[in-house]
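Here the structure is laid out as structure tokens; the discussion comes afterwards.
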Amino acid sequence: VRVEGDYRYELGEMGSTLNYMAEEIVRSNQIKDDFISSISHELRTPLTSIKGWSETLDSGGYDPDETRIGMGIISKETERLIGLVEELLDFSKLQQNEMKLTMKRVELRELLKEIVLNVWAKAELKKVKLRVESDGDYFPVYGDANRLKQVFLNLVDNAVKFSHESSVIVLHLSIEDGWVRADVRDSGIGIDEENLNRVKDRFFQVNTQGGGTGLGLAITQQLVELHEGRLDMTSELGVGTTVSVKLPLLEGEPQPEAEPAVQP
Ligand code: ADP
């Protein structure tokens, strides 16, 4: 068969669409290969440590202090593995539309305060301060408290991870046209424009050295969307990142009840 001329030219627009599709397939295969390699690494590291410590402790002869340190490490690494497996299970549930939510009234300001307590110790290691700021007192939404907690834990966890030492992370709440808006604002390493378009893609990481699976933001965004909300990110390299979550304001809220009378 003789092909006359440049087939790409002959195929015209269809040719460039096919080229684009082929490039996308190559790219998504590469992303999946990277994912398998990073997840294997993420699983192997804690398992190696658990194996090492359990063999050491099994050989006996350790004093109570050393035994306590070993047991502590085994327990911490096991928790890390459970977290990782839960992340994979959540991701697969979301992919298959099988994530079930238990909906009730959730007060977002209270929830953010809880998050701060949860990540406080981790932030303290980097001398990072966490601050909740709000324009008002009540930010009620209708949602699954545990899943919303997961959303903000993941965002604040990322903010701490990519913050510089001694910086401040602000969790800012406001109400905007029927939405509760919660911003997680850090002044960390930031993300350049090209990568910013891709960080919410599943498996994607700007830098694979720091661990993680690249699933966190993909899961977070899908959880927000399951709550009829939306997640947006703005960032500037070297300046910092703001992730903004908007959830429908729970309308018709009764005013907060008066303080209960003091019991005699
Ligand atoms: P992982 O679970 O691996 O952290 P995520 O989906 O949560 O994956 O994040 C994907 C990537 O987005 C991270 O690896 C990081 O490169 C980038 N990223 C996320 N949040 C921030 C942030 N606050 N500042 C800078 N980079 C961030």
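The values are calculated or read from the model by the stated rules, or taken from the named source; none is laboratory data. Worth saying up front: this structure is predicted, and the values here are computed from it rather than measured. Backbone-built Cβ (ideal geometry, glycine too); neighbour counts: all protein chains shown. Surface accessibility is based on the protein's heavy atoms, side chains included, excluding ligands, DNA and RNA. Shrake-Rupley method; radii C 1.70, N 1.55, O 1.52, S 1.80 Å.
Points worth noting:
- The slack between Glu228 and Val168, meaning 0.36 nm per residue of separation minus the straight C-alpha distance, is 18.6 nm.
- Stretchable slack from Leu89 to Glu193, in nm (0.36 nm times residue separation minus alpha-carbon distance): 34.4 nm
- Kirkwood analysis of the stretch 110-249, using all unique Cα-Cα pairs, places the hydrodynamic radius at 15.2 Å.
- Virtual spin-label span in nm between Ser134 and Asp177, 7 Å along Cα→Cβ: 2.3
- Solvent-accessible heavy-atom area per residue, rounded to whole Å², over the stretch 43-177 at 1.4 Å: 61
- Solvent-accessible area, 1.4 Å probe, carbon plus sulfur percent, for the chain: 53
- Each Lys and Arg adds +1 at its Cβ and each Asp and Glu adds -1 at its Cβ; summed about the Cα centre, the chain shows a dipole of about 420 debye.
- Virtual spin-label span in nm between Met103 and Glu251, 7 Å along Cα→Cβ: 1.4
- Only helices enter the 222 nm calculation for the chain: every DSSP H run of n ≥ 4 contributes -39,500 (n - 2.57), and dividing by all residues gives -17500 deg cm²/dmol, rounded to 500.
- Fraction of alpha-carbon pairs over 28 Å apart in the chain - percent: 49
- Spin-label model distance (nm) - Leu153 vs Lys32, 7 Å beyond Cα toward Cβ: 3.0
- 24 Å Cα-Cα threshold exceeded, pairs from Lys93/Lys200; Lys113/Lys246; Lys51/Lys149; Lys32/Lys76; Lys200/Lys246: Lys51/Lys149; Lys32/Lys76
- Seen from Ser92, the other residues with C-beta closer than 12 Å to its C-beta sum to a net charge of -2, counting Lys and Arg as +1 and Asp and Glu as -1.
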